[in-house]
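The values are calculated or read from the model by the stated rules, or taken from the named source; none is laboratory data. Here the structure is a predicted model, which is why all the values come from computation and not from measurement. Virtual Cβ from ideal backbone geometry, glycine too; neighbours counted across all protein chains shown.
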């Protein structure tokens, strides 16, 4: 994985990061294995302690209110969360209305306008396309 600002988060912000991602996964009311997989991967990437992950997993059934997790989030941290929340929202193949509303709330908290949100959603789409190219290359 590429190094980024996720490596510099405090334990408290790592917890909030995961809470928000869990909220996004639960937003459409239908939890699929791809969402669980990406959340687990991101919690591992964030170096969240395994015992803390147990508590975070309870959020799949009863997520912490997004407004609570977004309180005083700050632009830099909020933009990092927005990036990864967009990935979580897209992992099942479509953005649900509730996921888009949550992404808009994260974007607002992070000081990202609609154009910026659209750009990050386009980045996610382009990333999936880029990644799928490997299958085509390797199937020859």
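A few notes on this one:
- Residue that is closer than 22 Å to residue 45 by Cβ, part of a helix (DSSP H, G or I) and touching a residue at least 12 places away in the same chain (Cβ under 8 Å), where the choices are 117, 121: 121
- Residues (within 13 Å of the chain's Cα centre (by Cα), modelled with pLDDT of 95 or more and more than 17 Å from residue 17 (Cα to Cα)) located in segment 92-103: 100
- Residue count for segment 55-91 under the criterion of being in a helix (DSSP H, G or I), within 12 Å of the chain's Cα centre (by Cα) and under 13 Å from residue 24 (Cβ atoms): the result is 10.
- Residue within segment 18-27 that is more than 11 Å from the chain's Cα centre (by Cα) and under 22 Å from residue 120 (Cβ atoms) present: yes
- Verdict on residue 41 being under 14 Å from the mean Cα position of the chain (by Cα) and either without any contact (Cβ under 8 Å) to a residue 12 or more places away in the chain or farther than 19 Å from residue 4 by Cβ (or both): yes
- Conditions (1) farther than 17 Å from residue 87 by Cβ; (2) surrounded by fewer than 18 Cβ atoms within 10 Å (Cβ to Cβ): number failed by residue 33: (1)
- Here residue 8 passes the criteria (1) at pLDDT 90 or above; (2) surrounded by fewer than 16 Cβ atoms within 10 Å (Cβ to Cβ) except the one numbered (1).
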